[in-house]
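One structure is given below, encoded as structure tokens.
Derivation of every value follows stated rules applied to the coordinates shown; laboratory data play no part. Not measured: the values here are computed from a predicted model. In this analysis, Cβ positions are derived from the backbone assuming ideal geometry, glycine residues included, and neighbour counts consider all displayed protein chains.
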Amino acid sequence: MPDVVDRRLVVDAGLLSLLAWVLVGIRVLLPSGLRAQLAFDHGAFIPWTLWTHAYVHDGWAHLLQNVGGFVAIAGVAYILCRVLNARRWFWVSTVAFLTVLPVLVSLSSYVLLGWFAPAATPVERGFSGVVAGFAGLVFVAFLMWVNREVGLAATQAVGQMAVLLILWELSVIYSGWVDVRVTALVAFGLALSWVLLLRAVSWRDAWDRREAWWTEIWLAIGVGIVLLTVVVALFPEDPISGGTFTNIFAHGAGFVLGGLVAGGAWQGI
């Protein structure tokens, strides 16, 4: 059995690495003119570029940033899925992220930018929407793990706390400071969620499982740090910096839709 597990781990790591090298290979092997045709231009809606744009990048720095983010976030998602004994779920979600998610993210970005910034006609390139989708998978996988360990009611409370913390972080990023009113509202929501969590957890069962506490605490802290770091990376304070536009709408859509797609994949397997 250990040999089988190790072999699967090697195969899975190899497949993820292969995908990263495919992105690099596209940059190296395809001529710049063809790569330009694969980008999604909001000013000239070409349907097939809704998908192809995810696999081309605007320069080496952009490519390496996305490849690094993909390797890190997909790796965390894979670890969580292995903890859940849900390797198949990881790969079903990954296939959906590579095929369906870029189209969903592009369409969402197209609609949102048309609503909030109708004069903007950016040209979208890059894998970051898919990377955001893997962050959504991390979020959902973490909640699946909480559900398995302590039940649905506790999962709802933990999910509420995570969403509140992410929204607070976004408010700090885009307001440039800690708004007292927003912080107070978030603190109130966290307190309510904590009360719900305390009511949902069977402390007798928790005490019986006390030997696993440190592992579970460190796993929760690790996932929290990953998600909060991802938010900073995907949602920069200045989306237009150095003449480069970071499509935060696509990133937000990738995170939310990635979580929904992963949840749907879980139901389907």
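DSSP H helices in the chain with Cα extent of 24 Å or more along the helix axis and mean Kyte-Doolittle hydropathy at least 1.0? Present the calculation step by step, with values, prior to reporting the outcome.
On the way: long enough: 2-29 (39 Å, 1.29); 60-83 (34 Å, 1.32); 128-150 (33 Å, 1.48); 152-175 (34 Å, 1.43); 180-200 (30 Å, 1.80); 213-234 (31 Å, 2.04); 248-268 (30 Å, 1.09).
Span-like helices here: 2-29, 60-83, 128-150, 152-175, 180-200, 213-234, 248-268.
Once the Cα-Cα distance is subtracted from the 0.36 nm per residue extended length, the TRP21 to TYR174 segment shows a gain of 51.6 nm. Distant-in-sequence amide contacts of ASN247, defined by a placed amide H-H separation under 5 Å and a gap of 5 or more residues or a different chain, comprise nothing.
Starting from the Cα gyration tensor of segment 190-257, multiply each eigenvalue by 5, take the square root, and state the resulting semi-axes largest first in whole Å. Walk me through the numbers on the way to the answer.
Numbers: eigenvalues 281, 40, 18 Å².
Equivalent ellipsoid semi-axes, largest first: 37, 14, 10 Å.
Normalised size of segment 122-246, defined as Cα radius of gyration per 2.2 N^0.38 Å with N residues, equals 1.25. Peptides 248-254, 200-206, 125-131 ranked from most to least packed by the mean count of surrounding Cβ atoms within 10 Å: 125-131, 248-254, 200-206. Each Lys or Arg adds one and each Asp or Glu subtracts one; over the other residues with Cβ under 10 Å from the Cβ of TYR78, this totals +1. Using the rule -39500 (n - 2.57) for each DSSP H run of four or more residues, divided by the residues of the chain, the 222 nm mean residue ellipticity is -26000 deg cm²/dmol.
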